[in-house]
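The values are calculated or read from the model by the stated rules, or taken from the named source; none is laboratory data. Computed from a prediction, not measured in an experiment: that's the story for all the values here. Neighbour counts are summed over all protein chains in view; Cβ atoms, including those assigned to glycine, are modelled from backbone coordinates with ideal geometry. These area figures cover heavy atoms from the full protein model, side chains too; ligands, DNA and RNA do not enter into them. Shrake-Rupley method; radii C 1.70, N 1.55, O 1.52, S 1.80 Å.
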Amino acid sequence: MAEVLVLVDQVDGAVKKSTTELLTAARGLGEPAAVWVGPGIDDAAIATLGEYGATKVYVAGDDELAKHPVAPAAEVLAQLVGEVSPAAVLVPSTADGKETAARLAVKVGSGIITDAVEVAADGDRVVATQSVFGGSTIVHSTVTHGVPIITVRGNAIAPEAAAATPARVDVTVELSDAAKKATITGHTAAVKGGRPELTEAQVVVSGGRGVGSADGFGVIEALADSLGAAVGASRAATDAGWYPHQYQVGQTGKTVSPQLYIANGISGAIQHRAGMQTSKTIVVVNKDPEAPIFELADYGVVGDLFSVVPQLTEEIGKRSN
Amino acid sequence: MKIAVCVKQVPDTWAEKKLREGDSLLDRESADGVMNELDEYAVEEALQLIEAQGGEVVVLSMGPERAAETVRKALSMGADAGIHVVDDSLAGSDAIATSAVIAKALEGKDFDLVIFGSESTDARMSVVPAMVAERLGWAQVTFAQKVEVSGSDVTIERATENGSDTVTASMPAVVSVVEKINEPRYPSFKGIMAAKKKPVETVAVADLGLDTAAVGTAAAWSAVNDFAARPPKAAGTIVTDEGDGGTKVATYLVDQKFI
Ligand SMILES: Cc1cc2nc3c(=O)[nH]c(=O)nc-3n(C[C@H](O)[C@H](O)[C@H](O)COP(=O)(O)OP(=O)(O)OC[C@H]3O[C@@H](n4cnc5c(N)ncnc54)[C@H](O)[C@@H]3O)c2cc1C
Ligand SMILES: Nc1ncnc2c1ncn2[C@@H]1O[C@H](COP(=O)(O)O)[C@@H](O)[C@H]1O
């Protein structure tokens, strides 16, 4: 069986959940082989990759690779594509992932499909499913030239363990001069709260302009915590400085697809919908019955969020006691 | 400094988007064409850099005849000149072909920077800028929420999943911008009048030294097999809060087994 290369997404050496989703998807296409780019891999990371079925872990661990954005990962993948002729290359649909896939596609002369929510083998073709136009249309597509390079959206595929004992294969890559032209000279880490990662969460509770202030987000956070949820925000709320930018949901923020999305004081502009429309169940609290977000609601309350949300939080508290 | 800005004409953000039966391409005729929103931020950033440092902004668009409106819009915001790549052979081009055309159109023209939006609202791929950087062999400084030029260097703040990175490169470089970077200006009446006299060069695929067989639907390296509308969602239950709104939601969440 041909290998399927999976680019590992990690923060500070910890494998992200999206990688376990990609490995799960890769098992349906061939032998999953994880590709780690940059320093910092340890036994725990290799064990996690093995738990989700990686039979090999390629490690390009040179420090230099982490000093430049995007291009190094594309060069590592391009070298491996040349060496192992994989059945497909799966990359997470993050900004870095999409750009890495883009450069790889040009390098190796392959077609590319972005934001797949499912990948499946059909004979020797790989068929990607995409959910486009805000989830209104389901598309099946195939790469028709070269190795299928597919970026896969987070939280779209349920990770399933299937233990394998991965062989570690160290790879050395001679970076091109072009890849070294841009250099990362500093990093500002997003403040990490104790809540689940926005793009990985099963439940997301969001607030918009209707929340009114940074303090107002207290009621949103309290609801989120009662449900073990992540907190999201509309651009109106992040632009106003009420909530940090990294929690923005939408076209230019994060795309989320949780089991449950609760939108509070959000009108439902198309750019916001683009990031949350594929949520399985949507609950809306908004005082304007005409707000377009109600069109998406499975359950909606026309009312003031400052009375509805605290009451909901209290009810949840009672029920879980 | 000489800056190119790549702008794409896309169907109006609020228009319902559909794929066409037959060729599975986006039905562009049925909606008004507008400049891709994020590309307005790219134009604005280029104008601000030029206003601070002096130089020239050239706007570049690949698209059908009517994409000329989008080039004109950038000129009315303040760009100095336009290049419009228009050719029947381009219909149905994928990102691979689009990036090849844009790279050829930029090559050899002494640009210091080319600025893109970080994503088009119709394709939503976020790949064209990186592909162009790869093809030109220029530095890639993309997803910028801040851009600074000093001497021959460009430094950006790159928005990432886990915060932001400061990235530095010497020019020429490929930049893409996110919407946090600035507030795009509206064209003034004076700007609109002035735009009518600004030069726009119309370029065909062959003029770029590219083969028309290497672009368009037939040359695309990925293909849509089939598509279908997602079955419409059943209308939800909407209630009005009468002092019990929170309790009602709680009951719903219990029914749905969320709590
Ligand atoms: C290029 C571009 C990219 C963008 N990207 C994004 C993006 O990624 N994400 C995003 O969210 N937006 C994005 N936007 C912005 C988007 O167009 C909207 O402006 C934004 O989503 C509006 O946020 P909102 O719904 O919170 O605010 P509003 O539209 O002002 O809505 C506030 C809502 O709160 C309700 N409300 C007020 N008070 C209360 C109360 N006490 N109780 C209950 N309800 C109340 C009101 O009835 C109203 O419906 C983008 C825009 C552009 C141009
Ligand atoms: N046909 C085009 N003409 C000019 N610029 C384009 C074109 N297609 C894409 N771009 C640029 O590439 C960016 C990213 O597009 P995409 O990769 O399609 O999401 C856009 O914001 C534009 O700046």
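Before moving on, here are some points about what is shown:
- Candidate set: the range A:277-321, residues that are at pLDDT below 95 and part of a loop (DSSP other than H, G, I, E, B); chosen: the one farthest from ligand 2 (Cβ to nearest atom): A:Asn321
- Output for the range B:220-253, where each listed residue is more than 7 Å from chain A (Cβ to nearest Cβ) and either closer than 23 Å to A:Ala224 by Cβ or among the small types (Gly, Ala, Ser) (or both): B:Ala220, B:Ala234, B:Ala235, B:Gly243, B:Asp244, B:Thr251, B:Leu253
So that you can scan it fast, the table gives a plain yes or no per residue for (1) buried (at least 24 other Cβ atoms within 10 Å of the Cβ); (2) more than 9 Å from chain A (Cβ to nearest Cβ):
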{"site": "B:Asp88", "(1), (2)": "no, yes"}
{"site": "B:Ala97", "(1), (2)": "no, yes"}
{"site": "B:Ala100", "(1), (2)": "no, no"}
{"site": "B:Ile115", "(1), (2)": "yes, yes"}
{"site": "B:Val127", "(1), (2)": "yes, no"}
{"site": "B:Ala130", "(1), (2)": "yes, no"}
{"site": "B:Ala139", "(1), (2)": "yes, no"}
{"site": "B:Lys146", "(1), (2)": "no, yes"}
{"site": "B:Val149", "(1), (2)": "no, yes"}
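- Residues in the range A:182-201 that are within 14 Å of chain B (Cβ to nearest Cβ) and in contact with a Gly (Cβ under 8 Å, 6 or more places away or on another chain): A:His187, A:Thr188, A:Ala189, A:Ala190, A:Leu198, A:Thr199, A:Glu200.
- Selected residue (criterion: farthest from B:Glu183 (Cα to Cα)) from residues of the range A:255-272 that are within 13 Å of ligand 1 (Cβ to nearest atom) and open to solvent by 30 Å² or more (accessible area, probe 1.4 Å): A:Thr255
- In this entry, B:Thr202 is excluded by the filter for residues that are more than 7 Å from chain A (Cβ to nearest Cβ), in contact with an Asp or Glu (Cβ under 8 Å, 6 or more places away or on another chain), under 30 Å from B:Glu65 (Cα atoms) and modelled with pLDDT of 95 or more.
- B:Asp39 touching a residue at least 12 places away in the same chain (Cβ under 8 Å) and either out of contact with any strand residue (DSSP E or B) (no Cβ under 8 Å at 6 or more places or on another chain) or surrounded by fewer than 19 Cβ atoms within 10 Å (Cβ to Cβ) (or both): no
- If you go through the range B:90-105 and pick out every residue that is closer than 11 Å to B:Arg135 by Cα and among the hydroxyl-bearing types (Ser, Thr, Tyr), you end up with 1.
- As a summary of the residue check, A:Val219 satisfies the conditions (1) within 9 Å of ligand 1 (Cβ to nearest atom); (2) of a type in the set (A, V, I, L, M); (3) within 12 Å of another protein chain (Cβ to nearest Cβ) except for the one numbered (1).
- Scanning the range A:285-306 for residues that are within 8 Å of chain B (Cβ to nearest Cβ) and under 29 Å from A:Ala158 (Cα atoms) returns A:Val285, A:Phe294, A:Leu296, A:Ala297, A:Asp298, A:Tyr299, A:Gly300.
- Test: A:Gly210 is closer than 30 Å to B:Pro11 by Cβ, surrounded by 21 or more Cβ atoms within 10 Å (Cβ to Cβ), within 14 Å of ligand 1 (Cβ to nearest atom) and without any contact (Cβ under 8 Å) to a residue 40 or more places away in the chain: no
- Every residue from the range A:68-102 that is within 10 Å of another protein chain (Cβ to nearest Cβ) and part of a loop (DSSP other than H, G, I, E, B): A:His68, A:Pro69, A:Val70, A:Ser93, A:Thr94
- Among (1) within 15 Å of ligand 2 (Cβ to nearest atom); (2) open to solvent by 10 Å² or more (accessible area, probe 1.4 Å), the one test that B:Glu16 misses: (1)
- Matching option when the condition is under 14 Å from the mean Cα position of the chain (by Cα), of a type outside the set (S, T, N, Q), more than 8 Å from chain B (Cβ to nearest Cβ) and not in a strand (DSSP E or B), among A:Ala163, A:Ala156: A:Ala156
- If the condition is being over 17 Å from the mean Cα position of the chain (by Cα) and among the acidic types (Asp, Glu), then the range A:71-103 contributes A:Glu75, A:Glu83.
- Hits in the range A:103-135 - residues which are in contact (Cβ under 8 Å) with a residue 12 or more places away in the chain, outside any strand (DSSP E or B) and under 24 Å from A:Val256 (Cβ atoms): A:Gly134, A:Gly135
- Selection of the range B:207-240 for residues being in contact with a strand residue (DSSP E or B) (Cβ under 6 Å, 6 or more places away or on another chain), open to solvent by 60 Å² or more (accessible area, probe 1.4 Å) and outside any strand (DSSP E or B) yields only B:Arg230.
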